[in-house]
Amino acid sequence: MSATLRLTVRERAGARCEYCRLPDLVPHLMRFHLEHIRARRHQGSNSLNNLAWACARCNERKGTNLSGVDPDTNRVVRIFNPRRDAWGRHFAMDGLRIRGATATGRATAWLLEFNSEERLKLRQGLRKLGLF
Ligand SMILES: [Zn+2]
């Protein structure tokens, strides 16, 4: 995909991961990817409305998944779609933790491991620098 498309998606995302909100200002800490919301394997296109700016961790954890399991109810639900869903409706910050506020939010937070020890340490470091 073109460098222009990459820049367009990054700018639209405000230079943050559209899933965990990690800023991409420290590239040696975390690589960022153009992520297919609906994977190519599931007939997802390369169009702007199917692309998201995602940190390497979110991209790896999401993989080709379109759904996940809500840990509160054990039900299969669709996961967060940055083109269709408002982040603030599905997630809330709780200190350094990202809490799922809906079934979709909880399933996504669990699947993408938003609150792993590694990510909490990274957010803590960025917060100290005023970057998160
Ligand atoms: Zn992320």
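The values are calculated or read from the model by the stated rules, or taken from the named source; none is laboratory data. On a predicted model such as this, the values are computed, not experimentally measured, just so you know. Quick reminder, even Gly has a Cβ in these numbers, built from the backbone with ideal geometry, and neighbours come from all protein chains shown. Surface areas here come from the heavy atoms of the whole protein model, side chains and all, with no ligands, DNA or RNA. Shrake-Rupley method; radii C 1.70, N 1.55, O 1.52, S 1.80 Å.
Values for this structure:
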read-out	value
Some residue of the stretch 13-25 being more than 11 Å from the ligand (Cβ to nearest atom) and open to solvent by 40 Å² or more (accessible area, probe 1.4 Å)	yes
Residue check, residue 10 touching a residue at least 12 places away in the same chain (Cβ under 8 Å), open to solvent by 80 Å² or more (accessible area, probe 1.4 Å) and more than 10 Å from the ligand (Cβ to nearest atom)	no
Conditions (1) among the hydrophobic types (A, V, I, L, M, F, W, C); (2) within 26 Å of residue 126 (Cβ to Cβ); (3) in contact with a strand residue (DSSP E or B) (Cβ under 8 Å, 6 or more places away or on another chain); number of the one not met by residue 7	(3)
Hits in the stretch 29-51 - residues which are within 15 Å of the ligand (Cβ to nearest atom) and open to solvent by 70 Å² or more (accessible area, probe 1.4 Å)	29, 31
Condition broken by residue 65, with the remaining ones in (1) within 15 Å of the ligand (Cβ to nearest atom); (2) under 16 Å from residue 116 (Cβ atoms) satisfied	(2)
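Residue by residue, here is whether (1) part of a strand (DSSP E or B); (2) closer than 16 Å to residue 58 by Cα holds:
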residue: 6; (1), (2): no, no
residue: 14; (1), (2): no, no
residue: 18; (1), (2): no, yes
residue: 34; (1), (2): yes, yes
residue: 38; (1), (2): no, yes
residue: 41; (1), (2): no, no
